[in-house]
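Q: My questions all concern the structure below.
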Amino acid sequence: MRYRRSALAGGTWFFTVNLADRREDYLTRHIDVLRQAVRQTRSRHPFEIIAMVVLPDHLHAIWTLPPGDADYPLRWALIKSAFSRSLPKTECIRDSRLAKRERGIWQRRYWEHQIRHEADLQAHVDYLHFNPVKHGYVRQVADWPFSSFHRYVRQGLLPADWAGAAVMLGLDE
């Protein structure tokens, strides 16, 4: 099946990528494996990570591809494959996946949104960084270790207590 996906060469996209079993915590439990899969893919097929957050069962990322390149599906396939191959086969694998020699770690599809302008980018960066609070993993954005938020703080783009007032006032619920 061919999905209709945006194909703007050199574009910027927001992604949500999920585990097949949302009760699992593979992504944070095996964060070093995921990081290696991303590094390995970026070395062969470059892209810039604008922002990223990894939660136990899903991740959000914003990427910009090089000029003349729109092949983010290849990059996600390589990341998912490298991550899956590095884990022991303990997950439940459905017959439909077995027939295609697939693992049962990732959902087959992912969600992508082409970033259209600066306000769109900012809204998605904020959403991504606030996601661990939204899902109840931490009370403050700064407390989640698997987030580009910390890079944004180091670069002076966000204060360390960003979104803290919303959490303290209970506006995160």
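The values are calculated or read from the model by the stated rules, or taken from the named source; none is laboratory data. It should be emphasised that the depicted structure is a prediction, and the values quoted were computed from it without experimental measurement. Neighbour counts run over all protein chains shown; Cβ positions are idealised from the backbone, glycine included. Ligands, DNA and RNA are stripped out before the accessible areas are found, and what is left, the full protein with its side chains, is counted by its heavy atoms. Shrake-Rupley method; radii C 1.70, N 1.55, O 1.52, S 1.80 Å.
Q: When the range 43-79 is examined, which residues are found to be assigned to a helix (DSSP H, G or I) and buried (at least 17 other Cβ atoms within 10 Å of the Cβ)?
A: Pass one, the range 43-79, residues assigned to a helix (DSSP H, G or I): 43-44, 72-79.
Hits for the range 43-79 are 72, 75, 76, 78, 79.
Q: Please name all residue pairs, on different chains or six or more residues apart, with Cβ atoms under 8 Å, provided the first residue is in the range 66-87 and is among the hydroxyl-bearing types (Ser, Thr, Tyr) and the second residue is assigned to a loop (DSSP other than H, G, I, E, B) and surrounded by 14 or more Cβ atoms within 10 Å (Cβ to Cβ).
A: From the range 66-87, the pairs are 72/47; 72/65; 84/103; 84/105; 86/30.
Q: Quick check on the range 80-111: of everything there that is open to solvent by 60 Å² or more (accessible area, probe 1.4 Å) and of a type in the set (Lys, Arg), which residue is modelled with the lowest pLDDT?
A: For the range 80-111, the residue satisfying everything is 100.
Q: Of all helices (runs of 4 or more DSSP H) completely enclosed by the range 112-173, which ones contain at least 2 residues that are modelled with pLDDT under 95 and more than 21 Å from residue 64 (Cβ to Cβ)?
A: Numbers: elements: 118-134, 149-154, 164-168.
Because the criterion is at least 2 residues that are modelled with pLDDT under 95 and more than 21 Å from residue 64 (Cβ to Cβ), the helices (runs of 4 or more DSSP H) in the range 112-173 that meet it are 164-168.
Q: Suppose we filter 114, 140 for residues that are under 19 Å from residue 159 (Cα atoms) and in contact with a Gly (Cβ under 9 Å, 6 or more places away or on another chain); which single one remains?
A: Going through 114, 140 in turn, the sole match is 140.
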